[in-house]
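Engineer: Got a structure for you, written out below as structure tokens; questions coming shortly.
Just so it is clear, none of the values below were taken in a lab; they were calculated from the coordinates. Note that this is a predicted model, so its numbers are computed, not measured. Heads up, the Cβs are rebuilt from the backbone with ideal geometry, glycines too, and the neighbour counts pull from every protein chain shown.
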Amino acid sequence: MRRILDDGGLADVSIFASGGLDEDYISEIVQAGAPIDGFGVGTSLTTSSDAPALDCAYKLQEYAGLARRKRSLGKATWPGRKQVWRRYGSDGRMAGDVLSIESDTQTGEPLIELVMKDGRRVGENPRLAEIRARAAHDLERLPEPLRDLEPGATYPVEVAEALVRLAAEVDNRMAQSESAVP
């Protein structure tokens, strides 16, 4: 990346690396002579290495009532407010999910529910025993390959046509606004 920037006359642009970095990996990068000007350390700074961590990033999907999406190569997101419907097989185990827009209707159990509104919790806080029981029940309903953590195990997730159409609408709107900029 440094070479590409330099060749493009952008030698003054700094390179900042982040995402899953810890002190050992940063040391390796520095010793290898990588031309990185700064590092962002988050999860590894606040979480003990012997404790599980969830590394995540926030991606804006709607602003001012208008669906948005990230379109970067390899990082594209689905736009707008969404819902996931889970289907179960005749054995009661999870059989697959359908991802669509919030207003769509699909067969299965809707999974996303409102828990916060205007900065306040909606409804009662579940008790710890209820949370444990729900987690145990959901684990029982996982397909066997996922329960056993078999390598290569997959779970079917389908993207509904309504969400595909919304993505195309957002892309068209963005293309029009980009072409309108002088």
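Engineer: Which cross-chain or sequence-distant (5 or more) residues have an amide H under 5 Å from the amide H of VAL159, H modelled 1.01 Å from N in plane?
Structural biologist: Amide H neighbours of VAL159: LEU99.
Engineer: OK, next. For a quick check: with amide H placed at 1.01 Å from N, whose amide H comes under 5 Å from GLY96's, ignoring anything fewer than 5 positions away on the same chain?
Structural biologist: ARG87
Engineer: Now a separate question. With 10 angstrom as the radius, rank ILE15, ILE36 by how many other C-beta atoms surround their C-beta, starting from the fewest.
Structural biologist: Working: ILE15 12, ILE36 16.
Neighbour counts put them in this order, fewest first: ILE15, ILE36.
Engineer: For the pair GLU62 and ASN172, what calculated FRET efficiency results from E = 1/(1 + (r/R0)^6), where r is the Cβ-Cβ distance and R0 = 22 Å, to the nearest 0.05? Don't skip to the end; give the middle numbers.
Structural biologist: Numbers: r = 17 Å, r/R0 = 0.77.
Here the calculated transfer efficiency is 0.85.
Engineer: Okay, moving on. List the residues, sorted by chain then number, that are 5 or more residues from ARG81 or on another chain and whose placed amide H is less than 5 Å from its amide H.
Structural biologist: GLU102
Engineer: Would you work out the charge dipole size for the range 2-46 about its Cα centre, treating the Cβ of every Lys and Arg as +1 and the Cβ of every Asp and Glu as -1, and quote it to the nearest 20 debye? Walk me through the numbers before you get to the answer.
Structural biologist: Details: 2 positive and 8 negative charges, 23 e Å.
For the range 2-46, the charge dipole is close to 100 debye.
Engineer: Where does each of MET1, MET174, MET116 land when they are ranked from fewest to most other beta-carbon atoms within 10 angstrom?
Structural biologist: On the way: MET1 11, MET174 14, MET116 8.
The fewest-first ordering by Cβ neighbours comes to MET116, MET1, MET174.
Engineer: Could I ask something else about it? Per residue of the range 67-79, what does 6.51 cos²θ - 1.76 cosθ + 1.60 with θ = phi - 60° give for ³J(HN,Hα)? Whole Hz please, x for Gly and Pro, Karplus curve as stated.
Structural biologist: Karplus values, whole Hz, x for Gly and Pro: 4, 10, 7, 8, 10, 4, 4, x, 10, 4, 10, 8, x.
Engineer: Using each residue's phi in the range 92-109, evaluate 6.51 cos²θ - 1.76 cosθ + 1.60 at θ = phi - 60° and report the 3J(HN,Hα) Karplus result to the nearest Hz, with x for Gly and Pro.
Structural biologist: x, 8, 4, 10, x, 10, 10, 9, 8, 6, 4, 7, 6, 10, 10, 7, x, 8
Engineer: Given (i) 56; (ii) 74; (iii) 68, which label gives percent of Cα pairs over 20 Å apart as computed from the coordinates?
Structural biologist: Answer label, from the structure shown: (ii).
Engineer: By counting other Cβ atoms within 10 Å of each Cβ, how are LEU149, LEU166 ranked from fewest to most? Mind dumping the intermediate values first?
Structural biologist: Working: LEU149 7, LEU166 21.
Taking fewest neighbouring Cβ atoms as first place, the list is LEU149, LEU166.
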